[in-house]
Amino acid sequence: MAEEGQPESQQKPENKIEETRQRFKNEYVQDSSDKYDPRDVDRLMKDDSVVEGYLTWRQDVVEDALKMIDESFQWRKEYTLNDLTESSIPKWMFETGAVFLHGYDKEGNKLFWFKVKLHAKDAKTFQDKKKYVAFWLERYAKREPGMPLTVVFDMTESGISNIDMEFVKYIINCFKVYYPKFLSKMIMYEMPWIMNAAWKIVKTWLGPEAISKLKFVSKSDIQGFIDPENLPPHMGGTDSFKYTYPPLPDDDFQSPVCENGPIVSEDESECKDAEVDCKESLESSFSSEVATKPRKVNFSEDVLKPDDLDKSESGGRTKGVRRPLTTFKGTLLHISPAEELSFGSKDTEKKCLIILSNVTKNQVAFKVRTTAPEKYRVKPSNSSCEPGASMDIVVSLHGGFQASPQDRFLVMAAEMEQSPGNAPTELAQFWKEVPKAKVMEHRLRCLVLESATKPTSILSTGSENPLAPGTNGHQDLHTTLVRVMAINSRLEQKLDSCLWIQKVLTALVSFLMLFSFSTMYLMWTSTS
């Protein structure tokens, strides 16, 4: 209940979270506990972010949030979300490549692709398709908890036969009810004009908040949301990714290559160990349901013994590095920061600190992996931590590289047998032999500070004042105006083309109606 004399909207967040939990327990769970999976209820009672997600999506109205939780939890039990695996889905659905996760938008949100031309309405497979979408969403929710998705409906070469309004409504419901706060944007690429009427209906399902997330784009403007390196060639991008199955695409940590080839460790012997080690670690760590084909990846890695990390060296490495303020409490390690590493353009913003605290009674081995090893140096990235001890890991930007919201880090940890200091070779052997089920994983994303990405004027050529004497500001202004006029001309041509098509269709419809009436009149006169 809301606090007496205080409007519900003015309650403290922690009070609303506790009220939501108590009311759900008393009003929904008590008399019908079999409606829900106990694991979902347990997570609701322990994880504040779960409750907060439902409250935020329902404008902090507890009553509405409770109804949403009830509907969501019933759906989760119906589709056995907590036990849904790749083997639960018909193999042919994965083989079509109609739905998959791959790449990131400019804000660092994962892209959830729907290839509309590969979808055909079929009542017999509708239930399996719903479970298929649920599988991908739940897979992502476990791997990147709390991180939103950008949905891309690629309508290239699609038509009326590909429209399935019930399926679209289900996808929207997934983000409205089942996965609150998951939707960053919904991008509609090259939507055929013939589908306009259908999407007017879709808008009524979305609600005002979700409508603002709907973006209609074409090849000329999609790069305003997604960089070319994350777009396929038919969208004007350079991403050579081709969906194949098996295995499932697992592109969070790929083999990066720079101008001089793969980045390798300074110590050649360490590099060889790291290369062999990475093959196994990628196979074991980034496929939650199935074993994936190993990929050859050379990570820049510093393998150190705990004894090598004396206080003077640690103090030198962490000098001037900002200390994290948040902590993720894992089963083996407490990891600070909890979610993000913050990088900027200033010298003091080019280094970040990860603090690992061993909360077990045994020695814990750890590794730190990144999606962009050509950008970052991680010291140490492969070592072990004594029981009850903490270890500082310095992550620094290398050379002239800038951090990106798409960059990710993965911390892997596993308990070891108690022994004084493990050599690099022993650690390498340990990671080859440790069972996957005993490896703890936690992902960190990159936050780019505003100072690193300060926006500049489209007319700016390196000077604060683009029209100042000694600059070519006037020339840039002229060039920009010419581009705008060219774009305007293309839009006018497209509009003229659409109007012409509309006139032709109107004439055809009129002709068909006239022909139909004439036929009906002739049939009527012949019978009378």
Note: H334 to E71 extended length (0.36 nm per residue) minus current alpha-carbon separation gives 91.3 nm
If I take R0 = 25 Å and measure r between the Cβ atoms of K46 and N15 in this structure, what FRET efficiency does the formula 1/(1 + (r/R0)^6) give, to the nearest 0.05? 0.90
Exceeding the 18 Å Cα-Cα cut-off - candidates K121/K169; K67/K131; K185/K215; K130/K185: K67/K131; K130/K185
With r as the distance between the Cβ atoms of E450 and Q22 and R0 = 45 Å, compute the FRET efficiency 1/(1 + (r/R0)^6) and round to 0.05. 0.65
Using alpha carbon centroids, what distance separates the range 159-207 and the range 213-242, in Å? 19 Å
For M523, M147, give me the order by solvent-accessible area with a 1.4 Å probe, most accessible first, ignoring ligands, DNA and RNA. M523, M147
The range 80-123 - convex hull of the alpha-carbon atoms, volume per residue in Å³: 122 Å³
Burial-style ranking of 236-244, 374-382, 68-76, average other-beta-carbon count within 10 Å with highest first, yields 374-382, 68-76, 236-244
Leaving ligands, DNA and RNA out of it, work out the accessible area of C174 with a 1.4 Å probe and give it in Å² to the nearest 10. 0 Å²
Below 13 angstrom from the Cβ of G97, what's the summed charge of the other residues (Lys, Arg +1; Asp, Glu -1)? +2
On the full set of protein chains, 1.4 Å probe, figure out the accessible area of V61 and give it in Å² to the nearest 10. 50 Å²
So between A120 and K436, what do we pick up on full extension, going 0.36 nm a residue minus the alpha carbon distance? 109.9 nm
Residues of the range 175-199 with backbone nitrogen within less than 14 Å of a virtual label 7 Å along the Cα-to-Cβ line of I160, please, listed as ranges. 193-198
For T525 and I501, what does the FRET efficiency come to when R0 = 35 Å and r is the distance between their Cβ atoms, rounded to the nearest 0.05? 0.45
I'd like the Karplus ³J(HN,Hα) series for the range 428-442: coefficients 6.51, -1.76, 1.60, θ = phi - 60°, whole numbers in Hz, and an x wherever there's a Gly or Pro. 4, 5, 4, 5, 6, 9, 5, x, 4, 5, 9, 9, 8, 10, 8
Can you list the equivalent-ellipsoid semi-axes of the range 24-81, largest first and in whole Å, using the square root of 5 times each Cα gyration tensor eigenvalue? 18, 12, 11
S212 and W92 label points (each 7 Å along its Cα→Cβ direction) are spaced in nm at 4.3 nm
Using the heavy atoms of the protein chains alone and a 1.4 angstrom probe, what is the accessible area of the range 51-184 per residue in square angstrom? 38 Å²
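The values are calculated or read from the model by the stated rules, or taken from the named source; none is laboratory data. Since this is a predicted model, take the numbers as computed values, not measurements. We place every Cβ from the backbone using ideal geometry, glycine too, and count neighbours over all the protein chains shown. Protein only, heavy atoms only, side chains kept; ligands, DNA and RNA dropped before computing areas. Shrake-Rupley method; radii C 1.70, N 1.55, O 1.52, S 1.80 Å.
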